[in-house]
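Let me begin by presenting the structure, written as structure tokens, before commenting on it.
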Amino acid sequence: METLNKPVITVETTVNAPVAKVWEFWTKPEHVKNWNNASDDWHTPHAENDLRIGGTFNFTMAAKDESFKFDFGGTYTNIEEHKLIEYTLGDERKVKIQFVPEGDQTKVIESFEAETENSDDLQRTGWQMIIDNFKKYTEVN
């Protein structure tokens, strides 16, 4: 991931599932809607994903009480099935997700360029909570 002098934050988790399942649950909109939130008072009511280089994705993230919502989206720049996803967000920040098979488990490593509105710690915590929610959802389904 080429970076433009922006701090890069990395979060990771190990999911107790094979890489093919982890990839499917990470990329299919019907699954994304079920795990793409940092806390139980948020959800993703809409998700669309065109998983190909040059394709785009858009996930609407919203507070369940409807007090706030935003679209999280970008354009894919590199995809290696079951291994790697790279994309550029609407604000030009870059994100890299690696899927590393470890027997019957899969390590998911997500690195992203930090934005300047929130502290690095706040961003790290929020993205870690989302990836932890992904792990929990994938392991029970």
Inset, instruction - Throw me the Rg/Rh for the chain, computed over C-alpha atoms with Kirkwood Rh, two decimals. - result: 0.93
Inset, instruction - With springs only between Cα atoms under 10 Å apart, run a GNM on the chain and tell me which of Phe72, Phe112, Phe59 wobbles the most. - result: Phe72
Inset, instruction - Report, as a whole number in µm² per second, the diffusion coefficient that Stokes-Einstein gives for the range 89-141 at 20 °C and 1.002 mPa s using the Kirkwood radius over alpha carbon pairs. - result: 169
Legend entry - Those trypsin sites (Lys or Arg not before Pro) in the range 23-70 that DSSP places in a loop and that have at most 15 other beta carbons within 10 Å: Arg52, Lys64
Inset, instruction - Run the dipole for the chain about the Cα centre, Lys and Arg Cβ at +1, Asp and Glu Cβ at -1, nothing else charged, and hand back the magnitude in debye, nearest 20. - result: 260
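No value in this document is a laboratory result; all are computed from the given coordinates. Bear in mind that the values here come from a model prediction, so they are computed numbers and not experimental data. Heads up, the Cβs are rebuilt from the backbone with ideal geometry, glycines too, and the neighbour counts pull from every protein chain shown.
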